[in-house]
Amino acid sequence: MEYYEIHPINPQIRFINKAVEVLKSGGVIIYPTDTVYGIGCDIFSKEALERVFSIKSDSNQKLFSFVCSDLKDISRYAVVSDFAYKTMKKLLPGPYTFILPAAKLVPKKLWTKRKTVGIRIPDHPVALKLVELLGNPIISTSASNRKGEVLFDPIEIKSVLGSQIDLMLVSGNLTGKPSSIVDLSTEKPEIVREGAGDISYFL
């Protein structure tokens, strides 16, 4: 596994490019977000998706969200109502995962039974630069152990997941909570998980 320490505000572009090369070749990476470390791959790489699902097979996490670069990008991968657009415009980039009706472009393996998907735009330059340079969304599922416990320490992450990952971008210990999950697939927002991010907007 390749392992690079990357600056959280001004990330070294050479390390981003190495990660993008891995993603383009169907690889799996770990990268920092504005909440916790994420396990990522190109959502259009079937082989990589299978690997991520295998890594998370015993986890209690059911929703596999993915990172988009901006609001315009989201509209390619989900059906966005006027209310959902206004809500996301107000809160993104930020520590939220929004559940929206899936667009046909998204691989069905990422759809829920209700034909929805989880989408993130994290407020972190590394995650956003990865998506920008790749040109496709990347999976955003928390780096966790087999019990589903989120891992914050890069050394522990490397120890637990290193053998299953191709490249890791490290930006120190991330001690935040996982993102808040808000369902915007219907007219009435539903808070699925309260995590990082202020949810008073929906109360």
_Candidate set: region 158-173, residues that are within 17 Å of Ser54 (Cβ to Cβ) and among the aliphatic types (A, V, I, L, M); chosen: the one farthest from the chain's Cα centre (by Cα)_ = Val160
*Determine whether Leu110 is more than 24 Å from Lys18 (Cβ to Cβ) and either among the hydroxyl-bearing types (Ser, Thr, Tyr) or touching a Leu at 6+ places or on another chain (Cβ under 7 Å) (or both).*
no
_Please pick out the residue among Leu105, Leu174, Leu130, Leu100 that is buried (at least 20 other Cβ atoms within 10 Å of the Cβ) and assigned to a loop (DSSP other than H, G, I, E, B)._
Leu174
*In region 2-15, which residues are part of a loop (DSSP other than H, G, I, E, B) and buried (at least 16 other Cβ atoms within 10 Å of the Cβ)?*
Ile6, Pro11
*Among (1) at pLDDT 95 or above; (2) in contact with a Ser or Thr (Cβ under 7 Å, 6 or more places away or on another chain), the one test that Asp123 misses*: (2)
*Counting just the residues of region 1-48 that are among the hydrophobic types (A, V, I, L, M, F, W, C) and more than 17 Å from the chain's Cα centre (by Cα), which one comes out nearest to Leu169 (Cα to Cα)?*
Ile6
*Examine region 66-79 for a residue that is of a type in the set (Ser, Thr, Tyr), outside any loop (DSSP other than H, G, I, E, B) and either exposed (fewer than 15 other Cβ atoms within 10 Å of the Cβ) or on the phi < 0 side of the Ramachandran plot (or both), and state whether such a residue exists.*
yes
*Of the numbered conditions (1) surrounded by 14 or more Cβ atoms within 10 Å (Cβ to Cβ); (2) among the charged types (D, E, K, R); (3) in contact with a helix residue (DSSP H, G or I) (Cβ under 8 Å, 6 or more places away or on another chain); (4) part of a helix (DSSP H, G or I), Lys18 fails exactly one; give the number of that condition.*
(3)
_So for region 190-198 (the condition being of a type in the set (D, E, K, R), under 16 Å from Pro122 (Cα atoms) and under 16 Å from the mean Cα position of the chain (by Cα)), does at least one residue qualify?_
no
*Only one residue in Ile55, Ile30, Ile74, Ile16 is at pLDDT below 95 and among the aliphatic types (A, V, I, L, M). Which one?*
Ile55
*asked:* I'm trying to understand the selection: among the residues of region 80-97, which are without any contact (Cβ under 8 Å) to a residue 40 or more places away in the chain and in a helix (DSSP H, G or I)?
replied: Asp82, Tyr85, Lys86, Lys89
*Looking only at residues in region 143-171 that are β-branched (Val, Ile, Thr) and in a strand (DSSP E or B), which one is surrounded by the most Cβ atoms within 10 Å (Cβ to Cβ)?*
Val170
*asked:* Consider region 1-17. How many of its residues are among the polar types (S, T, N, Q) and within 19 Å of Gly27 (Cα to Cα)?
replied: 1
_Neighbours by Cβ (under 7 Å, 6+ apart or cross-chain): first from region 128-151, on the phi > 0 side of the Ramachandran plot; second at pLDDT below 95 and buried (at least 16 other Cβ atoms within 10 Å of the Cβ)_ = Gly148/Ser59
*Would you call Asp123 in a helix (DSSP H, G or I), of a type in the set (D, E, K, R) and out of contact with any helix residue (DSSP H, G or I) (no Cβ under 7 Å at 6 or more places or on another chain)?*
no
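The values are calculated or read from the model by the stated rules, or taken from the named source; none is laboratory data. Quick caveat: nothing in here was measured; it's all calculated off a predicted structure. All Cβ positions, glycine included, derive from the backbone under ideal geometry; neighbour counts span all protein chains shown.
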